[in-house]
1. Go through region 1-59 and report how many residues are open to solvent by less than 100 Å² (accessible area, probe 1.4 Å), without any contact (Cβ under 8 Å) to a residue 12 or more places away in the chain and not in a helix (DSSP H, G or I).
2. Which of the helices (runs of 4 or more DSSP H) contained wholly in region 61-167 include at least 2 residues that are under 30 Å from Ser48 (Cα atoms)?
3. Examine region 109-126 for a residue that is closer than 21 Å to Leu12 by Cβ, open to solvent by 50 Å² or more (accessible area, probe 1.4 Å) and not aliphatic (A, V, I, L, M), and state whether such a residue exists.
4. Yes or no: Val131 open to solvent by 60 Å² or more (accessible area, probe 1.4 Å), under 19 Å from Asn13 (Cβ atoms) and under 22 Å from the mean Cα position of the chain (by Cα)?
5. Just checking, which of Ser33, Ser21, Ser52, Ser48 is among the small types (Gly, Ala, Ser) and either at pLDDT below 95 or in contact with a strand residue (DSSP E or B) (Cβ under 6 Å, 6 or more places away or on another chain) (or both)?
6. Looking at Trp58, Trp82 in this structure, which one is modelled with pLDDT under 90, more than 16 Å from Thr154 (Cβ to Cβ) and of a type outside the set (Ser, Thr, Tyr)?
7. (1) open to solvent by 60 Å² or more (accessible area, probe 1.4 Å); (2) closer than 23 Å to Glu17 by Cα; (3) free of Cβ contacts under 8 Å to residues at least 40 places away in the same chain: which one isn't true of Tyr105, the others all being true?
8. Report yes if some residue within region 110-120 is over 22 Å from Gln156 (Cα atoms) and in contact with a strand residue (DSSP E or B) (Cβ under 6 Å, 6 or more places away or on another chain); otherwise report no.
Amino acid sequence: MEESMKKLWRILNNLEEIIASSLFAVMCIMVLSQMIARIFLRKGLMFSEEVSRFCYIWVVFLCISLGEKTFEHFNVSVFLIWLKGVPNQIIYAITDFICFFIHAYLLYWSWQFFEFEKVVKSAALEIPMAVVAAGMVLGFFLGSIRCLVNVVHTVQKIGKIKEEKEG
């Protein structure tokens with residue numbers, strides 16, 4: 001039971017990477033198939049450009065969350081060079097907390113956009129554009145969760161630093 005929980009946690013922890021890499025592969029296959037069709041068949045595929053564009057949009061928004069997970073996003077590292085210990089971690093916590101509110105704000109508006117896009121259909125595949133907008137919602141939702149997790153980890157680091165100084 002415990003082994004299956006660890007496996008589930010590992011999958012959930014790598015959700016962005018799994019989905020984004022799969023969609024990136026689909027996007028590459030679609031672009032390649034479009035190139036082959038245009039070169040050898042002298043005719044473009046109707047659906048491949050749309051599928052590759054939709055995959056690209058999903059990859060972009062999922063990688064926002066992935067950037068939060070791997071700490072690859074913007075932070076004020078110039079100031080952190082001179083700060084060590086608790087002040088350094090406090091700045092990280094504040095930055096992540098601000099990013100959480102930004103993600104939450106964008107999540108709200110991406111949900112509004114998702115609701116609006118339910119009635120709009122794509123040109124080639126005629127699927128609801130909400131399928132594309134769902135990538136925004138998922139990306140900002142996972143990004144906000146990643147920011148909160150970063151805040152919790154930073155607060156735990158502050159606690160460990162204080163314990164080491166006291167001990």
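1. 2
2. Of the helices (runs of 4 or more DSSP H) lying wholly inside region 61-167, those with at least 2 residues that are under 30 Å from Ser48 (Cα atoms) span 86-117, 130-166.
3. no
4. In short, no.
5. Ser48
6. Trp82
7. Only one criterion is unmet by Tyr105, namely (2).
8. yes
The values are calculated or read from the model by the stated rules, or taken from the named source; none is laboratory data. Predicted, not measured: the structure shown is a model, and the values here were computed from it. In this analysis, Cβ positions are derived from the backbone assuming ideal geometry, glycine residues included, and neighbour counts consider all displayed protein chains. Areas reflect the complete protein model, heavy atoms only, side chains present, ligands, DNA and RNA absent. Shrake-Rupley method; radii C 1.70, N 1.55, O 1.52, S 1.80 Å.
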